Amino acid sequence: MRKKRVGILISGRGSNMRALVEAARNPEYPATVVGVFSNKQDAGGLQFARDAGIPAHVIDHRQFPSREEFDKALHAALKAAAVEIVCCAGFMRVMTPEILDHWRGRMLNIHPSLLPAYKGTHTHERAIADGARLHGATVHVVTSELDSGPIIAQATVPVLPGDTPETLAARVLEVEHPLYVKALAQFASGAIHISAST
Ligand code: GRF
């Protein structure tokens, strides 16, 4: 089995990135993490990546005159690392066609809701405010429409009486890690086929 080369995009803590890196250490796992890319110098996850011996790249979006220019630089860095699959993991930038067009059908994201419910931000607050009984996380293929690409995998958690956005977020995060690990394995091994519409 040839492992697929994965680049992970982060902006912060990077706990999903860490789960993927740890899973990919298994010789049987069909992907290898060849780089972590952050738009923020102070993203907590960068240190973990460095300690794990994975090249950690900072491409600070504030250094670029436009979203497009930033996206071009990020794409160039992914290409330079010979990345084949991109995993967004808490990457807090809206991306433009400058990068999306190049990675069509080859870029995944994890979103903290049961899509198509609660696209965008503040998903946990909104689920609680709606009185939702079920919440969760989704791994999907990234398309030009935010949080709307084909769904690969979902995991649910209950919303419990007295939940705050923080307690609910923590419950969701626990299922995010194994979900992303499983979804990437399926995707990288070719078990999932994405049709042309993406
Ligand atoms: C996760 O909840 C993920 O679903 C969302 O952002 C958060 C990132 O957490 N996209 P982490 O940086 O992976 O710990």
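The values are calculated or read from the model by the stated rules, or taken from the named source; none is laboratory data. The model shown is predicted, which means the values in this text are computed figures rather than measured ones. Backbone-built Cβ (ideal geometry, glycine too); neighbour counts: all protein chains shown.
I'm told Glu176 meets every condition in (1) within 27 Å of Ile85 (Cβ to Cβ); (2) assigned to a loop (DSSP other than H, G, I, E, B) except one. Can you identify the failing condition by its number?
Going through the list (1) within 27 Å of Ile85 (Cβ to Cβ); (2) assigned to a loop (DSSP other than H, G, I, E, B), Glu176 breaks only (2).
Give me the pairs: first residue in the stretch 108-130 and at positive phi and modelled with pLDDT of 95 or more, second residue assigned to a loop (DSSP other than H, G, I, E, B) and within 11 Å of the ligand (Cβ to nearest atom), beta-carbon distance under 7 Å, and six or more apart or on different chains, which are they?
Here the result reads Gly120/Asp147, each pair linking the stretch 108-130 to a residue that is assigned to a loop (DSSP other than H, G, I, E, B) and within 11 Å of the ligand (Cβ to nearest atom).
Which residue out of Ser195, Ser189 is of a type in the set (Ser, Thr, Tyr) and at pLDDT below 95?
Unique residue meeting the criteria: Ser195.
So, of the residues in the stretch 29-53 that are surrounded by fewer than 19 Cβ atoms within 10 Å (Cβ to Cβ) and touching a residue at least 12 places away in the same chain (Cβ under 8 Å), which turns out to be nearest to Leu78 (Cα to Cα)?
Here is the first cut: in the stretch 29-53, the ones surrounded by fewer than 19 Cβ atoms within 10 Å (Cβ to Cβ) are 32, 41-42, 44, 47, 50-53.
This time we only want the ones that are touching a residue at least 12 places away in the same chain (Cβ under 8 Å), so: 32, 41, 44, 52.
On the way: Thr32: 14, Gln41: 17, Gly44: 20, Ala52: 19 Å.
Residue satisfying both the conditions and the ranking: Thr32.
Scan the stretch 95-127 residue by residue and report those that are away from the ligand (no atom under 13 Å from the Cβ) and in contact with a Cys (Cβ under 9 Å, 6 or more places away or on another chain).
Scanning the stretch 95-127 gives Met95, Met107.
Give just the number: which of (1) away from the ligand (no atom under 15 Å from the Cβ); (2) outside any loop (DSSP other than H, G, I, E, B) does Val21 not satisfy?
Just one mismatch for Val21, condition (1).
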